[in-house]
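Visitor: Can you keep this structure in mind? I'll have questions shortly.
The values are calculated or read from the model by the stated rules, or taken from the named source; none is laboratory data. Not measured: the values here are computed from a predicted model. Note: ideal-geometry Cβ built from the backbone for every residue, glycine included; neighbour counts use all protein chains shown. Only protein heavy atoms, including side chains, enter the accessible area calculation; ligands, DNA and RNA are left aside. Shrake-Rupley method; radii C 1.70, N 1.55, O 1.52, S 1.80 Å.
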Amino acid sequence: MPVTEIRIAGFGGQGVILSAVVIGKAGCIYQAGYSTMTQSFGPEARGGACSAQVILSDEPVLYPYVTRPDVLVVMSQEAYSLFTPQLKEHGLLIIERDLVRVEALPAGVRVFSVPATRLAEELGKRMVLNIVMVGFFGAVSGLLKPESLRDAIADSVPKAFIELNLQAFDKGYEYGLKALSGQIETEEPAIEVASLED
């Protein structure tokens, strides 16, 4: 795969960092590619701004920081407002449907939304909303094989929670496949703005 920049953002306690770890591991350990992951978060233990950046590539990554993401996954309105202006034209924006309202977008951005929190609650644990998002990301982006993501999840979460997290991944992935096939509506209304600075 060509160099692909991914930013995942939300607030502390949503599992943003674990999402990035899973995606990075899937890309470099379970698919024999290369990846880097960096993170940043506020001083709060929970509830503060949090983001993680992953770069996936077929070749060694020479610069580990995301400059203009190809894919942006956001789980809070604050993250949406902060990071959407940096998304590349014709990039992919994935939002948590119940927590993010779409406003002005860079030109040509494709937007998909998933009610990840609700899907996680159906499994009895809201805390796996991040893995639901990873599953949805895997389906709509097509960047990584689902089995690579599943293996990375099993390798990244505590043993007692592997099955729950794999169920969360499957729920998000299936939702994404349905979105791509048009069985459910997840694309937000097209809003294109040539420049967010106007």
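Visitor: Kindly indicate whether Q31 is closer than 21 Å to V128 by Cβ and open to solvent by 20 Å² or more (accessible area, probe 1.4 Å).
Guide: No; evaluated as a whole, the condition is false for this residue.
Visitor: Name the residues in segment 118-128 that are assigned to a helix (DSSP H, G or I) and open to solvent by 10 Å² or more (accessible area, probe 1.4 Å), would you?
Guide: Passing the criteria: R118, L119, E121, E122, R126, M127.
Visitor: Continuing with this model, one more query. What about S19, is it hydroxyl-bearing (S, T, Y), modelled with pLDDT of 95 or more, crowded, with 18+ Cβ neighbours inside 10 Å and under 11 Å from the mean Cα position of the chain (by Cα)?
Guide: Against the criterion (hydroxyl-bearing (S, T, Y), modelled with pLDDT of 95 or more, crowded, with 18+ Cβ neighbours inside 10 Å and under 11 Å from the mean Cα position of the chain (by Cα)), S19 qualifies.
Visitor: Right, here's the next one. What is the number of the single condition among (1) crowded, with 21+ Cβ neighbours inside 10 Å; (2) of a type outside the set (A, V, I, L, M, F, W, C); (3) out of contact with any helix residue (DSSP H, G or I) (no Cβ under 8 Å at 6 or more places or on another chain) that T38 does not meet?
Guide: All conditions are met except number (1).
Visitor: Let me ask you something else. Out of segment 167-181, which residues are modelled with pLDDT of 95 or more and polar (S, T, N, Q)?
Guide: Q167
Visitor: Tally time: how many residues in segment 135-174 are exposed (fewer than 15 other Cβ atoms within 10 Å of the Cβ) and in contact (Cβ under 8 Å) with a residue 60 or more places away in the chain?
Guide: Final tally of qualifying residues: 3.
Visitor: Confirm whether L18 is of a type in the set (A, V, I, L, M), within 23 Å of I153 (Cβ to Cβ) and in contact (Cβ under 8 Å) with a residue 60 or more places away in the chain.
Guide: Criteria met by L18.
Visitor: Testing V132 on (1) closer than 21 Å to R7 by Cα; (2) open to solvent by 50 Å² or more (accessible area, probe 1.4 Å), one condition comes back false. Which one is that?
Guide: (2)
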